[in-house]
């Protein structure tokens, strides 16, 4: 459980120390990529809890989703349609879904262990 | 609880590191870049000079007001009233609602050509823009008080065009020639500046001549209308 948090910390530290900047016009793409990555991460955690985790699916999904989201935003900019909204909507809904499933799985696990302790 | 295999852990770790990295970069990028101070020594010196000047002005102002406070509090009731009256007078003078005289110049706007040449010529009109430019130029060269055609120019004096007529202080300009009286500390210098001024050429383009003469005593009429104060508020007592 502490591993993702630790990874996040390391990443944040690396990013803050590197002092890297993305030009302003590309920061849109990066934010959407972050959203996609978060979505995949939570999907992975859910899959892990439901014991359907497959690392190939996870890794491919991680990179593919990021590229797809950024590509969609890029296409949107060039077509004059705010396509990145579609990506934000899709990833947002999935994020909520995944987190809800994770919460439920954890809750049932907890009640199960409490019951076994009582028995 | 069953232990998660090493491989999966590693994958999770790497993914979260990437996410953290992206978030950090995003955070960096969306932050406003710090404005760097790029002034060199010379510019810094100039800025210091400027600030020092401002400080000096402020100091002298503080001194003035401190003296005023002393006068208010020190003398008896009569003296206080006198001081108040004095202040009121000074403020009125500053606002331009008193008659004022002093050395200065008189500018005259008249037709550039002789009267005989003007047969059949339509009446001249002085564009408000011309007058505005002239006032700006006069102020640049150190004019203290200005009146145009008997209308005192204060900070809020409107100069506009209504129905093809130029109005100053909501009064139409009388016909040509028009006199502009200016009070200044150095009349000679202002006269010399006005002889070669940009405004002179602009008036000439409209067929008007702007001539200037020095006078030892120029008397300007007071501003006669209500001064409307729109964007000022009374300061609350502290």
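Here, each number is a calculation from the coordinates, and none is a lab measurement. Fair warning: this is a prediction, and the values are worked out from it, not measured in the lab. With ideal geometry, Cβ positions are generated from the backbone for all residues, glycine too; neighbour counts draw on all protein chains shown.
Mind listing whichever residues of region A:71-93 are under 14 Å from the mean Cα position of the chain (by Cα) and in contact (Cβ under 8 Å) with a residue 24 or more places away in the chain?
Correct list: A:87, A:88, A:91, A:92.
Give region A:10-20 a look and list any residue that's surrounded by 14 or more Cβ atoms within 10 Å (Cβ to Cβ) and either over 15 Å from the mean Cα position of the chain (by Cα) or more than 7 Å from chain B (Cβ to nearest Cβ) (or both), or say none. Can you show your working first?
Start the filter on region A:10-20 by keeping residues that are surrounded by 14 or more Cβ atoms within 10 Å (Cβ to Cβ), which leaves A:10-16.
The answer is A:10, A:12, A:13, A:14, A:15, A:16.
Just to be sure, is residue B:30 within 14 Å of chain A (Cβ to nearest Cβ) and either out of contact with any strand residue (DSSP E or B) (no Cβ under 9 Å at 6 or more places or on another chain) or over 30 Å from residue A:26 (Cα atoms) (or both)?
Answer is yes for this residue.
Name every residue in region B:126-151 that is under 16 Å from residue B:172 (Cβ atoms) and surrounded by 17 or more Cβ atoms within 10 Å (Cβ to Cβ), in order of residue number.
Selection gives B:126, B:128, B:130, B:131, B:147, B:148, B:149, B:151.
Kindly evaluate residue B:156 against the criterion of being within 13 Å of residue B:128 (Cβ to Cβ) and either in a loop (DSSP other than H, G, I, E, B) or touching a residue at least 12 places away in the same chain (Cβ under 8 Å) (or both).
no
How about region A:21-39: which of its residues are more than 7 Å from every other protein chain (Cβ to nearest Cβ) and either within 19 Å of the chain's Cα centre (by Cα) or crowded, with 22+ Cβ neighbours inside 10 Å (or both)?
A:28, A:29, A:32, A:35, A:36, A:39
Of all residues in region A:49-67, count the ones that are touching a helix residue (DSSP H, G or I) at 6+ places or on another chain (Cβ under 7 Å) and either crowded, with 19+ Cβ neighbours inside 10 Å or more than 7 Å from chain B (Cβ to nearest Cβ) (or both).
8
Under 6 Å between Cβ atoms, at least 6 apart or on separate chains: pull out the pairs that start in region B:46-70 with a residue that is over 30 Å from residue B:82 (Cβ atoms) and end on any residue that is exposed (fewer than 10 other Cβ atoms within 10 Å of the Cβ).
Pairs that qualify, where the first residue is over 30 Å from residue B:82 (Cβ atoms) and the partner is exposed (fewer than 10 other Cβ atoms within 10 Å of the Cβ): there are none.
List the number of the failed condition for residue B:22; all other conditions in (1) more than 29 Å from residue A:32 (Cβ to Cβ); (2) surrounded by 10 or more Cβ atoms within 10 Å (Cβ to Cβ); (3) within 14 Å of chain A (Cβ to nearest Cβ) hold.
Tallying (1) more than 29 Å from residue A:32 (Cβ to Cβ); (2) surrounded by 10 or more Cβ atoms within 10 Å (Cβ to Cβ); (3) within 14 Å of chain A (Cβ to nearest Cβ), residue B:22 fails exactly one: (1).
Looking at residue A:42, is it touching a residue at least 60 places away in the same chain (Cβ under 8 Å) and either under 27 Å from residue B:9 (Cβ atoms) or facing chain B (nearest Cβ under 10 Å) (or both)?
yes
Give the residues of region B:186-238 that are part of a helix (DSSP H, G or I) and touching a strand residue (DSSP E or B) at 6+ places or on another chain (Cβ under 7 Å), sorted by residue number.
Scanning region B:186-238 gives B:187, B:188, B:190, B:191, B:194, B:195, B:199, B:200, B:203.
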